[in-house]
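In what follows, a single structure is set out as structure tokens and then discussed.
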Amino acid sequence: MNPLTRSSLAALAMTLASLSAQAAPSQKVCVYDMLGASGDLFSMTKDYVLAMQKFGANITLKGYTDERQAAEDYRSGQCDAVVTTAFRARQFNRTSGAIDTLGSTTIVRDGKIDMPGSYEVVRKLIQTYASPSAKALMVEGNNEVGGIMPLGAAYPMVHDRRINTIEALAGKRIAAFDHDKAQAMMIKRIGAIPVSADITTFANKFNNGLLDMVAAPSIAYKPLELYRGIGDSGSVVRFPIMILTYQMIFNRTRFPEGMGEPSRTYWLSQFDRALQFIKQADNSIPPTTWLDLSPENAYKYSLMLRESRIDIAQQGVYDKRGLKVIKRVRCNVNPADPECSTKSEEEWR
């Protein structure tokens, strides 16, 4: 074979490879990050893109700072997958969305908040849902959960540190996200006033004195300037109303067959990386801004969230099957809790 022929064949091979790559289906993943394409989550998703290439995925990313728009673009088919908070992901998978429910992952031991224990509940839940045996729970129609990772505890942030008991919340104005009915239901239950808000408006309302309290993760403290609403007299109460999660939802018809399991396993492997970002954000809040509840009030808060969660689930807002799984994990982490000797949430199907 002469050199010209070899050269021609090599050029042909390169052309065919290029055409093959161009013809391979690609997937568009829309990523909600408070800071858009410059945020930590978006950066982590870039690494995910590389990891999924070995499973046949050809992913491009689009960053969003508007969570509602990201979820809507996925719903309308403009995105093949979306990474968003569980509040928005719940419409695509109610079971995985149950993780972000009132007090469902909060551990209280001897009247004190156990933050490591609370995050351990979340870790074990993500492990549970990443296992092959849980695949059926991760699929609803064409929607499949592609992974879950922690976003951080939602802490009560108040403009007056005297708001440190359930009784003190009566009559106070508290942000209630429009897309999560449970928030308004819980706020009314304690005699407070729910004020309609969403992720793009709640910070301004709090900072401008239109709200007495918001619940937000520490990663929002600086970017959304929540310290302005807290001021000199407010505080961040060290009590996780819930631990928020990011969840990836993808359209199964647009991704390689069987990619769900390695995708969920990948995001599980990123748990400690995400937890490090959360700890850094917690440490960015000045020590004097934090407020710890008394053991009596910590217990009252925990009981109030449990009763609210059960009542809201009975009304069909929360997924009972998901809450049943969470209780089992919660009692595995903290078996001494009195709730573990009761049937509440256990009998649900």
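Considering only residues in region 60-112 that are touching a Cys at 6+ places or on another chain (Cβ under 7 Å) and aromatic (Phe, Trp, Tyr), the one that is surrounded by the most Cβ atoms within 10 Å (Cβ to Cβ) turns out to be TYR74.
Taken over region 239-257, the criterion of being in a loop (DSSP other than H, G, I, E, B) and in contact (Cβ under 8 Å) with a residue 12 or more places away in the chain is satisfied by PHE239, PRO240, ILE241, PHE255, PRO256.
Yes/no matrix, rows are residues, columns are (1) modelled with pLDDT of 95 or more; (2) of a type in the set (Gly, Ala, Ser):
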| site | (1), (2) |
| --- | --- |
| ALA274 | yes, yes |
| ILE285 | yes, no |
| ARG306 | no, no |
| ILE310 | no, no |
| GLN314 | no, no |
| TYR318 | no, no |
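Quick one: would you say LEU323 is in contact (Cβ under 8 Å) with a residue 12 or more places away in the chain, closer than 24 Å to GLN127 by Cα, touching a helix residue (DSSP H, G or I) at 6+ places or on another chain (Cβ under 9 Å) and not basic (Lys, Arg)? Judged against the criteria, LEU323 is a match.
The single condition from (1) farther than 30 Å from CYS331 by Cβ; (2) at pLDDT 95 or above; (3) assigned to a loop (DSSP other than H, G, I, E, B) that PHE92 fails is (1). Pull up region 238-258, narrow it to residues that are modelled with pLDDT of 95 or more and of a type in the set (A, V, I, L, M), then point me to the one that is farthest from GLY56 (Cα to Cα). In this case the residue turns out to be ILE243.
State all residues of region 283-299 that are out of contact with any strand residue (DSSP E or B) (no Cβ under 7 Å at 6 or more places or on another chain), surrounded by fewer than 16 Cβ atoms within 10 Å (Cβ to Cβ) and not hydroxyl-bearing (Ser, Thr, Tyr); if no residue qualifies, say none. Explain how you work it out, then say what you get.
Applying the first criterion (out of contact with any strand residue (DSSP E or B) (no Cβ under 7 Å at 6 or more places or on another chain)) to region 283-299 yields 283-284, 286-288, 292, 294, 296-297.
Those still in the list that are surrounded by fewer than 16 Cβ atoms within 10 Å (Cβ to Cβ) too: 283-284, 286-288, 292, 294, 296.
Listed by number, the residues that qualify are ASN283, PRO286, PRO287, ASP292, GLU296.
Looking across region 160-185, the residues that are assigned to a strand (DSSP E or B) and either in contact with a Ser or Thr (Cβ under 9 Å, 6 or more places away or on another chain) or modelled with pLDDT under 90 (or both) come down to ALA175, ALA176, PHE177. Within region 36-48, the presence of a residue that is surrounded by 17 or more Cβ atoms within 10 Å (Cβ to Cβ), assigned to a loop (DSSP other than H, G, I, E, B) and in contact with a strand residue (DSSP E or B) (Cβ under 6 Å, 6 or more places away or on another chain) is excluded. None of THR245, THR265, THR201 is in contact with a strand residue (DSSP E or B) (Cβ under 9 Å, 6 or more places away or on another chain), hydroxyl-bearing (Ser, Thr, Tyr) and under 18 Å from LEU102 (Cβ atoms) except THR245.
Taking each residue of region 194-205 that is within 20 Å of ALA70 (Cα to Cα) and looking for partners that are among the basic types (Lys, Arg) and surrounded by fewer than 21 Cβ atoms within 10 Å (Cβ to Cβ) with beta-carbon atoms closer than 6 Å, six or more apart or interchain, yields ALA197/LYS205.
Report, by residue number, each residue of region 196-212 that is of a type in the set (A, V, I, L, M), at pLDDT 90 or above and surrounded by 21 or more Cβ atoms within 10 Å (Cβ to Cβ).
Of all residues in region 196-212, those of a type in the set (A, V, I, L, M) come to 197, 199, 203, 210-211.
From what is left, the residues that are at pLDDT 90 or above are 197, 203, 210-211.
Within region 196-212, ALA197, ALA203, LEU211 qualify.
Among the numbered conditions (1) part of a loop (DSSP other than H, G, I, E, B); (2) in contact with a strand residue (DSSP E or B) (Cβ under 6 Å, 6 or more places away or on another chain); (3) of a type outside the set (Phe, Trp, Tyr); (4) more than 25 Å from ALA71 (Cβ to Cβ), the only one that VAL236 does not meet is (1).
The values are calculated or read from the model by the stated rules, or taken from the named source; none is laboratory data. As the structure is a computational prediction, the values presented were derived from the model and not from experiment. Note that we place each Cβ from the backbone using ideal geometry, even for glycine, and neighbour counts take in every protein chain shown.
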